[in-house]
1. Radius of gyration and Dmax for the chain's Cα atoms, expressed in Å?
2. Hey, any idea what % of the chain's accessible area is carbon plus sulfur with a 1.4 Å probe?
3. Order E99, E89, E6, most accessible first, counting only protein heavy atoms with a 1.4 angstrom probe.
4. In Å, what is the Rg of the alpha-carbon atoms in region 44-103, and how long is Dmax?
5. Is there a quick way to get the dipole size of region 1-79? I mean about its Cα centre, with the Cβ of Lys and Arg at +1 and of Asp and Glu at -1; what is the value in debye to the nearest 20?
6. In square angstrom, what is the accessible area per residue of the chain with a 1.4 angstrom probe?
Amino acid sequence: QVQFVESGGGLVQPGGSLRLSCAASGFSFSAYNMAWYRQAPGKERELVASITTLGGSTKYADSVKGRFTISRDNAKNTVYLQMNSLKPEDTAGYYCNLEVLRSGYGWGQGTQVIVSS
């Protein structure tokens with residue numbers, strides 16, 4: 001079945017960096033645009049960054065543009081999110097999934113990012 005396993009989160013000081021990874025399985029990974037989403041406490045889940053099938057095009061939410069970089073390795077069925085210049089408002093659970101959500105593609109457990117001094 002479809003599975004997403006996110007990792008790489010943690011506690012980091014403002015201005016710091018983290019690299020998140022998401023290992024996907026159970027579907028044709030290279031055939032889909034992928035995305036990272038985040039959900040902060042008390043807020044709705046939002047799309048943070050997305051990437052096309054071959055990685056040739058990326059899009060970012062205005063709040064992370066210039067600080068986050070999404071990439072993918074189709075040989076490893078993995079999508080990454082490099083996060084630099086982290087801010088306290090980046091604190092959230094981070095999840096990967098298809099850019100266009102589909103029935104049957106549920107959410108993984110996510111990885112928690114806490115930005116705090």
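1. When restricted to Cα atoms, the chain yields Rg and Dmax of 13.3, 41 Å.
2. About 47 percent, which is the carbon plus sulfur part of the accessible surface.
3. Values: E99 40, E89 120, E6 10 Å².
Correct descending sequence by accessible area is E89, E99, E6.
4. In order Rg, Dmax, the Cα atoms of region 44-103 give 11.9, 35 Å.
5. On the way: 9 positive and 5 negative charges, 25 e Å.
For this selection, approximately 120 debye.
6. Counting only protein heavy atoms, the per-residue value for the chain is 52 Å².
The values are calculated or read from the model by the stated rules, or taken from the named source; none is laboratory data. Predicted model, so just to flag it, every value in this text is computed and none were measured. As a convention, Cβ positions derive from the backbone with ideal geometry for all residues, glycine included, and neighbour counts pool all protein chains shown. Each accessible area value is taken on the protein alone, full model and side chains, heavy atoms only, with ligands, DNA and RNA left out. Shrake-Rupley method; radii C 1.70, N 1.55, O 1.52, S 1.80 Å.
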